[in-house]
Structures are given as structure tokens and as C-alpha cells.
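Taken together, the values in this text are just the output of simple stated rules run on the coordinates, not laboratory data. As the structure is a computational prediction, the values presented were derived from the model and not from experiment. Cβ placement follows ideal geometry from the backbone for every residue including glycine, while neighbour counts extend to all protein chains displayed.
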Amino acid sequence: NDINGVAGTAHIAWGWAANGAGSSNEDGGINTTATSANTTAGFSISTYTGTGSNTTVGHGLGVAPKMVIVKRRNAVESWRVWHTGLTNGSYYLNLENTDAQAANNVMWNGTVPSSTVVSIGTNASVNASSSTYVMYAFAEIPGYSSIGSYSGNSSTNGSFVYTGFKPAFVLTKNINTADQWGIRDTTRNPFNVTDLLLNPNASTAETNSSTGYIDILSNGFKPRSSDSNINTQTIIYMAFAENPSGGDGAAPATAR
């Protein structure tokens, strides 16, 4: 029912294409079971078996990813997230809850991802011996994706975030406080303000946010609320273009 639902109910899905079944990546200390990498779109999926020792896993993108999500497959563990907007390679977030960033040197071994590998420590959620994992890696592609952070100004006239394209999808998270992850998009909100909100960390239904407004613009987005979820302290984001430019950085300027 979570997928098929009840007749007449509305669903939404977002998809990123990798590159077929893929093959083992041998760039890291662990040879992945399979890595499917789409270097044009800056996205890869890897599966691997943990060792329980500090090591690395190849991601196949050829450039350093700016966001990485790892999930243990054969046990109950959190969805671990590294993002370029976190303090450094010692910090992580959990996709399934509202926790602020936390430091743990045995998560990413205190090391940010390189152009070839993601470093993993001995934490069981990313690298228990003989356990199986899936890793999603996202690199920034000019004109197609923008992954970064901005400082909120706690105003209804929020900080403009330049992406270089009109976003179709925007994911955000305040890393300093226990605030929701938020997803806003142009399919559910064809016109501004963009106020229909879904939270990846919660099973709640879509909300028509009274405080979490943003405007999606031709070359970025702008919070229209002082809410801490979107416009105070440090906010990380990942955005994808409605009309990708093909990677040359010159996305079409389509206003709304």
C-alpha cells in the first residue's frame, strides 16, 4: 500500500538514472560488488561488502561527489549522509531523522570523498565485517545539478541561492538544529510560492507549509520565510534542473 496506495490517492516519485547493471569498481580498498555510474549526470550506485576496518570504496564518477548516502542492507541501521556543506569529513547526517550534524571519526574516517573513492571507517552502519551495503553518490554537474550550502538570514526576504539553472527539485536540511529534511519541486508547485512540502525523514503526508515557502527562480531559489528549516543558520541543499543545459553551465533562463 505504501507504493500502490489506495485508489484515488496521489503519489510522487523522483528518479536518477545510473548506467545499467554496472561492474565491480576496484579503485578502493574494497572492490565493489557492482558500481553503476552515470558520469554525465554525476550519479552512481555501488554495492559492497564491509570489512570492519578503515578502507575506501570506489564511486566511479571521476570527480569528487558532493553528497553520499550509505545504507546497510542486512541489518537495521540509519541512512548515513555525507554532504559537502558539513563541517568536514568527520561529520554526518541521518536521512531518516531530524538530527543536526554530528561528529564521528569512524563514519567517514575523517576524510572527504576524492575523485575516485569514498572513505569509510569502522562504524557498523557503513562498514561492518561481511555486511552488505548500498552507496549513492552525487557529483555536481554545471547546468544540471547544484549541491552546496547557504547561510540563512531569518527573514521573509531570504538569501538568494544561485544554482545557474531553474530548479525542478530542491532538497534542504538545516545542519545546526533538529529540523526536517524538506523536498520542494515544480511538478507539485508549478507556480510560486513553492509551499508543498514533503519530508524524507517522516512518513507524514504532504503539507501545505505556512512557513516553509521558497520561490523557484530562473537561476536559483530564494526562501520566503524565516523558518529554521529553510532560512536560519547553515542550510545544505541539492537541486536539479528543470531544463538541463547539457553540462556547459549555460542553462536556459525560463522564468515562472
Could you tally the net charge around residue 99, taking each other residue with its Cβ under 15 Å from the Cβ of residue 99, Lys/Arg +1 and Asp/Glu -1? -1
Backbone HN-Hα couplings from phi across region 58-67 [Karplus 6.51/-1.76/1.60, Hz, Gly and Pro as x]: x, 10, x, 8, x, 9, 5, x, 9, 8
Among 10-18, 103-111, what's the highest-first ranking by average C-beta atoms within 10 angstrom per residue? 103-111, 10-18
Step by step: find N for the chain, compute 2.2 N^0.38 Å, then divide the Cα radius of gyration by it. What's the final number? 1.00
Can you give me the distance in nm between label points at residue 10 and residue 102, each placed 7 Å from the Cα along the Cα-to-Cβ direction? 3.5 nm
Would you please put 34-40, 152-158 in order of how densely packed they are, using the mean number of other Cβ atoms within 10 angstrom per residue and starting with the highest? 34-40, 152-158
Could you list which residues have their amide H under 5 Å from that of residue 143, counting only those 5 or more apart in sequence or on another chain, with H placed in the peptide plane? 249
